[in-house]
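Q: The structure's right below; bear with me while I get my questions together.
Rule-based calculations on the coordinates, nothing more; no lab input. Since the structure is predicted, the reported quantities are computational estimates derived from the model, not experimental observations. Methodologically, a virtual Cβ is constructed for each residue, glycine included, from the backbone with ideal geometry; neighbour enumeration extends over all protein chains shown.
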Amino acid sequence: MNGSCSPVKVIEQCQISPPPGSVPTTTLPLTFFDIVFLFPPPNESVFSFDFPQPLHQFTQTILPKLKHSLSRTLQHFFPLASNLICPPPPSKPYLQYTAGASLTLTIAESSGDFNRLTSHLVEDVEESHLLIPPLPPSSVLEDGTRVVPLLAVQITVFPNSGICIGTNCDHVLADESSFHHFLKFWASVCRSGGGDIKIESLPSHNRGLIKDPCDLKNKFVDDWRSWTSTPTKCEQLRTQFLIGKVRTTFVFSKAQIDRLKLWVSNLFIKLQDSKPTHLSSFVVICAFTWVSMVKAEEISDDEMQCHFNYAANCRDRLGYPLPGSYFGNCLSLRSAQAKESDLVGENGIVAAVNAIGNNVKDLENGVLRNAEDWTAGWVKGATRKKSIPRHFTTLAGSPRFDFYNELDFGWGRPKKCEVINVDFDRCIYVSNSREEEGGIEILLALKREQMDSFCSMFKQALKLAEVEL
């Protein structure tokens, strides 16, 4: 963990297991919702907290509580200590928790500037990556079965300043709804001193609840095997994306969002003599961000097809009962599309709101409609099939999950919640605002000159909305 950035020194590394004898060896199948997340890289998140205490105060009083509460939490969220088992074909991959298994917890100390790292403008994005632990390496058994660890946690202390909890979690294990459940549960146990948690907050691990009438699982497994058979240089490419990047957080008050929605609605009536099909806070903020990102990158290809990719929680949209506490993946992968020329035009916001709003509205027609295409992009990329040029912007997060108010380990709510994946190729992170209920935060990373352009255009759009109302 050394380099040009402020050093991060590992002071302890340990394994955390559920309490002895509390969880038997358990195998969980992967559903088709899980299989699609065998393709992308793991999710890397950092949750930062003010902690103006010396290091010994943390190691003597806080760290034992964090370890004990994490162990108690793993008793109920045992898949987090499991491995992904990938046997040779024709057998399918699955999750396996082996009695006594553990996850790796790293304790580190940083001499970096905590306030700078948690500010709204981070100029050295590489430094944040030192707060993310590497996943333990996978292993291969004699019969060719690959065993892949899925989660690692790092707690980094900035003496007299703050604490950062960094997680590196393979998306095949859980979506954000499930991971939010885990973190909230862990924080609650830690805050209560290890006391009992209400039974209704326990996760459900019943994968048999997910129905697969179109046999999507077999198709996605075949696509995944086709994709993994093609050598890639993913890690080298990801590292290149960090060069020259700056990361910025934009905070929108509820009043600003309401003004934007009203302005867009009036613009639709003026141009199309009708209101937008679907205009929520999510839609309008994503549309403004999408338009500004495409303009900032100066693509200059009028025929370029631009995609805005996001995921919608399906737990209450499947047409059959599924508990909100279901632990795993349950997301519909969505893609709104518009031409580059339409997005960068005078009324690009109309094109963006139409594309995203109509796509969200289409969820009413079935969350699994066209699900067979969810893995198509990965397969085409692996086989290098020629197609028309495309530009992708990917969304992570959701303002539905209240990390700021529900993630208190006992020393206060987070100062900053971030998904570090935004540093890689056109990814933005959306969350609720720390500042006020109904507000939204947008986190993204761009090359410095692109970020300057993005900020300028975004501010102009906000002023325009205020002037024309």
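Q: Whats the longest run of the chain with zero trypsin sites (Lys or Arg not before Pro) that are DSSP loop and have at most 12 other Cβ atoms within 10 Å?
A: Counting at most 12 other Cβ atoms within 10 Å as exposed, the longest clean stretch of the chain is 1-197.
Q: Mind sorting CYS169, CYS455, CYS286 by how few other Cβ atoms lie within 10 Å of their own Cβ, fewest first?
A: Exposure proxy ranking, most exposed first: CYS455, CYS169, CYS286.
Q: Moving to a separate point now. Taking only DSSP H segments of four or more residues, each worth -39500 (n - 2.57), what value at 222 nm results for the chain once the sum is divided by all its residues, to the nearest 500 deg cm²/dmol?
A: Value at 222 nm, helices only: -9500 deg cm²/dmol.
Q: Could you derive backbone 3J(HN,Hα) for the range 321-337 from the dihedral phi with the Karplus parameters 6.51, -1.76 and 1.60 (θ = phi - 60°), listing whole Hz in sequence and x where the residue is Gly or Pro?
A: In residue order, the calculated couplings are x, 8, x, x, 8, 4, 9, x, 9, 8, 10, 9, 7, 10, 8, 8, 9 Hz.
Q: Could you pull out every one of the aspartates and glutamates with an alpha carbon less than 12 Å from that of LYS219, ignoring same-chain neighbours closer than 8 positions?
A: GLU372, ASP373
Q: Hey, which of these cross-link pairs are over 26 Å Cα-Cα: LYS270/LYS447; LYS9/LYS416; LYS261/LYS295; LYS184/LYS447; LYS65/LYS415?
A: Correct reply: LYS270/LYS447; LYS184/LYS447.
Q: Going by the alpha-carbon gyration tensor, a ≥ b ≥ c the square roots of its eigenvalues, is the range 8-232 rounded (a/c under 1.5) or, if a/c is not under 1.5, prolate (a/b greater than b/c) versus oblate?
A: Note, shape of the range 8-232 comes out prolate.
Q: Run through the range 282-386 and list the GluC sites (Glu not before Pro) located in a DSSP loop whose Cβ has at most 12 other Cβ atoms within 10 Å.
A: GLU298, GLU303, GLU346
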